[in-house]
1. Tell me which residues, restricted to the stretch 144-155, are more than 15 Å from Ile124 (Cα to Cα), open to solvent by less than 60 Å² (accessible area, probe 1.4 Å) and out of contact with any Ser or Thr (no Cβ under 6 Å at 6 or more places or on another chain).
2. Just to be sure I understand, how many residues within the stretch 126-147 are aliphatic (A, V, I, L, M) and farther than 21 Å from Thr102 by Cα?
3. For the stretch 160-190: of the residues being open to solvent by less than 80 Å² (accessible area, probe 1.4 Å) and farther than 25 Å from Cys107 by Cβ, which is modelled with the lowest pLDDT?
4. Check Ile62 against each of (1) at pLDDT below 80; (2) farther than 24 Å from Met133 by Cβ; (3) surrounded by 16 or more Cβ atoms within 10 Å (Cβ to Cβ) and name the one condition it does not meet.
5. Please find, within the stretch 12-30, the residue that is nearest to Asn103 (Cα to Cα) out of those that are open to solvent by less than 70 Å² (accessible area, probe 1.4 Å) and modelled with pLDDT of 80 or more.
6. Can you name every residue in the stretch 124-143 that is surrounded by 19 or more Cβ atoms within 10 Å (Cβ to Cβ), in a helix (DSSP H, G or I) and either free of Cβ contacts under 8 Å to residues at least 12 places away in the same chain or among the aliphatic types (A, V, I, L, M) (or both)?
7. Going residue by residue through the stretch 106-113, is there one that turns out to be in a strand (DSSP E or B) and touching a Ser or Thr at 6+ places or on another chain (Cβ under 6 Å)?
Amino acid sequence: MQNRRFIEILDELKDETSDMLLYGNMMDSRIKEKYLRKLEKIRYELFENVNLENKYSNEEDISFVNNKYKARKEKNILNIYIPEVLPKYKNISSFSYKNIMTNVAECTKEYKDLFQDKLTLVIIVVHEKQKNMDIDNKYVKPIIDGLVTSGVIKDDNFSNMFYIAMGKNDTKKPYTETFVLDGKYIDEWIEDLEKLF
């Protein structure tokens, strides 16, 4: 069943690509964007198909996640490297969301339960070559949902976690870095700050 659906999805990709090649001389930005969105959707459907196959097959699992996503723990801080920039709220597609969320969940699964019983701080640093980055337009949800999916944090409600997002104009090749740590340090700092007022 999975193999048949896999072939159907590839046929869909072939048809979409053939149309692009056939009408290439009339291609504008809108058509390119539509094709890229379709390509992302097809890619995600292929991943879902492989996920099902991994779940129900007796054969060796097929690895399909982006192996450029990395996670490592040092001094009780989990550091996650995301080899792409976060989408803006106005450009959200369910496929870009699922791509980042799935890859974050996959690369952090070995750290399951690391912050289950702690108030957790997630620091997200977006590295881009952009002087006027509007950081509040970045969509951080796929990172946090990936951490919940892998079990690194218990839940993303306000009694379990909070986050900080910042941007850095320091690279030609965009990427995102995430640090996950015990929130007690900032919590104590906020309590001290509140006492001043």
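The values are calculated or read from the model by the stated rules, or taken from the named source; none is laboratory data. All values derive from a computational prediction rather than experimental measurement. When we count neighbours, we look across all protein chains shown, and the Cβ atoms used for this are built from the backbone with ideal geometry, even at glycine. Each accessible area value is taken on the protein alone, full model and side chains, heavy atoms only, with ligands, DNA and RNA left out. Shrake-Rupley method; radii C 1.70, N 1.55, O 1.52, S 1.80 Å.
1. Across the stretch 144-155, the qualifying residues are Val148, Gly151, Asp155.
2. 2
3. Applying the filter and picking the extreme gives Asp187.
4. Failing condition for Ile62: (3).
5. Residue satisfying both the conditions and the ranking: Leu13.
6. Passing the criteria: only Ile143.
7. Within the stretch 106-113 (the criterion being in a strand (DSSP E or B) and touching a Ser or Thr at 6+ places or on another chain (Cβ under 6 Å)), the answer is no, since none of the residues qualifies.
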